[in-house]
Amino acid sequence: MEQNSIQTKFFQKELEVNALMEITQAVNNNLPEEDLYKIFEFTLRANLQMEKLCLFVMEQDWECKVQFGTDKDFTKVQMGQACLSVRKITLINQMDLEVTCFEEFEIIIPVLHKDKLLAFVFVKSKGAEIDVDTTFIQALSNIMLVAIENKRLARKELEQQALQRDMEIAKNVQNYLFPKDLPKTDKIHIEAYYQPCRTVGGDYYDYITLEHENQFVVCIADVSGKGIPAAILMSNFQAVLRTISRTAENPIDVVNELNYQLCMNANRENFITFFLAVYDYEKKDLRYINAGHNPPLLMNGKPEIEKLTIGTTVLGAFEPLPFIDMGRIENLEQFSLFLFTDGLTETFNASEEEFGSERLEEFLQANYNTPINELHTKLLKELHEFSAERTFSDDLTFLSCRVNNASV
C-alpha cells in the first residue's frame, strides 16, 4: 500500500510538472488569453481530478473567467465581501458567506503576486480521498495570471504610444489651422495667445485679408468638447470658413453656410460658439456677427468698452438658424478689439471664484495704452496669480487687434 501511495504521489507530481511546463510554453508562445484560460481549465479538470472549479479574475471588476461542474452560472454572480477579504487558503465551510451559492465548493484559494491580489480560485475535488494540491493551483494560477497581466500592460503601453502619436499628429494639424503670420504694421497690429488644456484643443482664431476689397476678417471660435474630436471638427470648420469668407458677399452668408456645413458634418451632436468681424478700411466700419460666443470687447479711441453681442445662437444646433442679425459700427478709425474664449473668464482661484468678465474689462481699461505684447504678458501673469498657478481646466485663447486707420 505504501509503495502504491508513493507511486501515486510521484505520478501526481509528474502531471503537475508537465502542466507547469505546458502553461509556461503557452505563455512563451504568446497565446491569447482565451487559450491560456482553456489550458488552465483542462489542467485542473483532467490532471488534478477536480469536480468543480471557478476562477474569478480582477479586471475592471471581478469577473468569472473559468468555471466547470458548477450548479450555478458564476458569470452572473458577485463574490461578496466574505470572499473578497480572504488572503490565505481557506475552507469554505469555515466561512460565513453572504453569497451562499459558493458553498458548493470546498476551498477558496487567493492568488497574489507581490502582495497584489490577482484572482480567487474556488475548487472541489472528485472525492474525499483526493488531496487538493492548493500550492500547485496557486503556482499555476500565478504563472498564467501574471502573464496575462503583462500582456495587458504591454497592450496598454502600445495603445498609449499609438494615442500619443495620434495626438502629436492632431497637434501638428491643428497648428496649421492658425495663421502663420499676424500683421504688425503701423496700420494694424494683431497678436494672439493659445494654450490648449490638453495636447490638442477645440479653440480657433483666424485673420484673413480680403485685399481686393480692402478689408480683413478676424474671428474666434470654441467647439464643444475637447481633444482629438474637437480638433477634427474645428479643422473642418476652418476649411469651410476660409473657402467661403473670400467669396460670400456679407457676414450673414458666411455664418449661414458655416452653420449648414456644421449641421451636416457633426449631425448636430456638437456645436460651436463663433464670432466673426469684417473691417472695411475705406468705409471705416466694422460688421460683425456673434454666434453665442463670449462678447468681444471694443474700445473706440478711448478706454470705454462696448460689448459686441448682436448675432445669432450657437452654430451646429439648428438648421436653419432661428434668427440672425448683423451688428455694424461706423466711424471706426483708431480702435482696439479683444477676442477671447471662455477659458479666460472661467479661470478659477482656490476659492472656486472665476476670473470673470468684469475683471477682464477693468484690466483692459487700465492697460488701454499698453503695447499688445506687454498687454498679453501682463494678462497671463494676472491669470496665473489669480488662479494660484492652478492648471487651466479649459483651452485658453485670446486675441488683440489694434487698428490705426485715421485719415492723414
Identity of the residue in region 322-347, modelled with pLDDT under 95 and in contact with a helix residue (DSSP H, G or I) (Cβ under 8 Å, 6 or more places away or on another chain), that ends up surrounded by the fewest Cβ atoms within 10 Å (Cβ to Cβ)
T345
Contact list, first residue from region 267-294 and among the hydroxyl-bearing types (S, T, Y), second anywhere and modelled with pLDDT of 95 or more, beta-carbon distance below 6 Å, six or more apart or interchain, is T273/G292; T273/H293; T273/V314; Y279/L286; Y288/A277; Y288/L308; Y288/G327
Looking only at region 228-270, and only at residues there that are in contact with a Ser or Thr (Cβ under 8 Å, 6 or more places away or on another chain) and over 15 Å from T312 (Cβ atoms), the one that is surrounded by the fewest Cβ atoms within 10 Å (Cβ to Cβ)
N270
State which residue is surrounded by the fewest Cβ atoms within 10 Å (Cβ to Cβ) when the search covers only region 294-305 and only residues that are out of contact with any helix residue (DSSP H, G or I) (no Cβ under 9 Å at 6 or more places or on another chain) and under 19 Å from I190 (Cβ atoms).
G301
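The values are calculated or read from the model by the stated rules, or taken from the named source; none is laboratory data. For clarity, every value in this text was computed on a predicted model and none was experimentally measured. Neighbour counts are summed over all protein chains in view; Cβ atoms, including those assigned to glycine, are modelled from backbone coordinates with ideal geometry.
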